[in-house]
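The values are calculated or read from the model by the stated rules, or taken from the named source; none is laboratory data. Because the structure is predicted, anything quoted here is derived from the model rather than measured. Glycine also receives a Cβ, built like all others from the backbone with ideal geometry; neighbour counts cover every protein chain displayed.
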Amino acid sequence: MEIDPTTLAHGELYQHMIRLVTPRPIAWVSTVSNDGVPNLAPFSYFNAVGANPPTLMFCPANRPDGTRKDSLANIEQNGEFVVNIVPFALAEPMNQCGAPYDPEINEFEAAGLTPADSSHIRPPRVAEAPACFECVLHTSMSLGTGPGGANLVVGRIVAIHVCDDVLDEKGRADPERLDSIGRMGGISYTRTTERFDLERARS
């Protein structure tokens, strides 16, 4: 089968993409509005960009009515956000934060989570998360418009918080202890509980 993206409605194309680009790590993004209301939402179009400069990216799509999601609106207002890593133990509250809450709703409270003060920025971290990245906005751009329109957000990391419980003997995160989850297609997720090693190929 060959798929021509120009012939499909965005929703159908989206379904193909989320089932083919797998697994996708989850950015559990916490922000705060200019009115002081915290927001917490998951995004599975997410990854690291690079270490020099230290940067992360995620892509919040527009709502079905074409408006910007609260996370993006807050970041564009004040230029700050936290990316919280999602372990298996927090899958349910993460999922709860993906519900379409009104902007005045605090998702930390709705999901029964504890906000923790960040070191350098205003948005709180998820205290229960095993790792968190404090970020300031590096770049934001709209890639599409209308319902489902893609937006790219790149953040420069200004602080990293890692729970001691997930560190190995070298002081680095142990994937088994981190137990992070990823999105597959539809309602399916995956855990990083089965791994294999490959030495890097040499010419």
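The residues listed here are Val83, Val136; of these, the one that is modelled with pLDDT of 95 or more, crowded, with 21+ Cβ neighbours inside 10 Å, among the β-branched types (Val, Ile, Thr) and touching a strand residue (DSSP E or B) at 6+ places or on another chain (Cβ under 7 Å) is Val83.
Of everything in segment 116-128, what is crowded, with 23+ Cβ neighbours inside 10 Å and either at pLDDT below 95 or of a type outside the set (Val, Ile, Thr) (or both)? Give them in sequence order. Pro123, Arg125, listed by residue number. Scan segment 69-118 for residues that are in a helix (DSSP H, G or I), within 17 Å of the chain's Cα centre (by Cα) and not polar (S, T, N, Q) and the total you get is 14. Within segment 1-41, the residues that satisfy the criterion of being touching a residue at least 60 places away in the same chain (Cβ under 8 Å), within 27 Å of Thr190 (Cα to Cα), among the β-branched types (Val, Ile, Thr) and touching a helix residue (DSSP H, G or I) at 6+ places or on another chain (Cβ under 8 Å) are Ile26, Thr31. Among the residues making up segment 38-60, those that are of a type outside the set (Phe, Trp, Tyr), part of a loop (DSSP other than H, G, I, E, B) and either within 10 Å of the chain's Cα centre (by Cα) or at pLDDT below 95 (or both) are Ser44, Cys59, Pro60.
On the basis of being buried (at least 19 other Cβ atoms within 10 Å of the Cβ), of a type in the set (D, E, K, R) and touching a strand residue (DSSP E or B) at 6+ places or on another chain (Cβ under 8 Å), does Glu76 make the cut? So Glu76 does not fit the description; no. Would you point out the residue of segment 146-183, among those that are in contact with a Leu (Cβ under 8 Å, 6 or more places away or on another chain) and part of a helix (DSSP H, G or I), that is nearest to Glu12 (Cα to Cα)? Here the answer is Arg177. When Leu143, Leu90 are checked against the criterion of being in contact with a Leu (Cβ under 7 Å, 6 or more places away or on another chain) and farther than 19 Å from Val32 by Cα, a single residue qualifies: Leu143.
Cβ-Cβ contacts under 6 Å between residues 6 or more apart (or on different chains), taken from a first residue in segment 181-203 that is under 19 Å from Phe43 (Cβ atoms) and in contact (Cβ under 8 Å) with a residue 60 or more places away in the chain to a second residue that is among the hydrophobic types (A, V, I, L, M, F, W, C) and assigned to a loop (DSSP other than H, G, I, E, B), are listed as Ile181/Val86; Thr190/Met184. Selection of segment 87-114 for residues being crowded, with 18+ Cβ neighbours inside 10 Å, in contact (Cβ under 8 Å) with a residue 60 or more places away in the chain and either farther than 22 Å from Arg191 by Cβ or of a type outside the set (A, V, I, L, M, F, W, C) (or both) yields Pro87, Glu107, Phe108.
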